[in-house]
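What follows draws every value from the coordinates through simple rules; no lab data is involved. All values derive from a computational prediction rather than experimental measurement.
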Amino acid sequence: SSFPSLLLLGFLLPRATLLPNWKVNMDAGSNIITTIERLEGLWMDCTWYSTGMFSCTLKYSVLALPSHEQAARAAMILACILSAVGICTSTVGMECTRLGGDPETKRHACFAGGVCFLSAGTSGLIPTVWYTKEIIANFLDLTVPQSNKHEPGGAVYLGIISAVLLVISGMIFCTSCLKKNSGALLHPCKQLPVSTAQPEDSSAYSMKDYV
């Protein structure tokens, strides 16, 4: 059951990275027919009309993006890579798998997977929080027109939730591996006692065997 959970956890962060609804703007216009919903993401901007039409435009220029969007792109890509590495290494470190060899190697792999999950969660949490802060600051700015104000979209919340889950998973993996390691130190393997008795010579017999 742990492996499907890891796959689901690793799928959430890339989904949040690719979704276009990082921030949402609703423009009602003069009537309900001209209502427009604008969605802006890290990789594309989409427009959803009330008539059902939906169009998207990719963001090809990286230098034209604001600094927080550039940082969010880089950090989310790094988080996705780290989460993928964490899934592979933690799978090797699981006791239910036959990969990894001896228990000591599995403990190291389990701990490495936990560190990757912690790093991925931190790398995903920082840009999502920073992005949300920029949206809220822009929304509360009185100098910004109402038509240019946005609200946090579902992708931001999904990114925050997946990042928090990655951090929690990393802590669980690291602590469980440390407990296993401390248990091995407290209860070392008992070595068989080495006999110091010399083997008896097969040619030597006790004198009592002779009459």
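Things worth noting here:
- Here the average projected area of the convex hull drawn through the C-alpha atoms of the stretch 46-126 stands at 8.4 nm².
- Vicinal HN-Hα couplings computed from phi for the stretch 82-94 (Karplus, 6.51 cos²θ - 1.76 cosθ + 1.60; Hz; Gly/Pro x): 5, 5, 5, 5, x, 5, 5, 5, 5, 5, 5, x, 6
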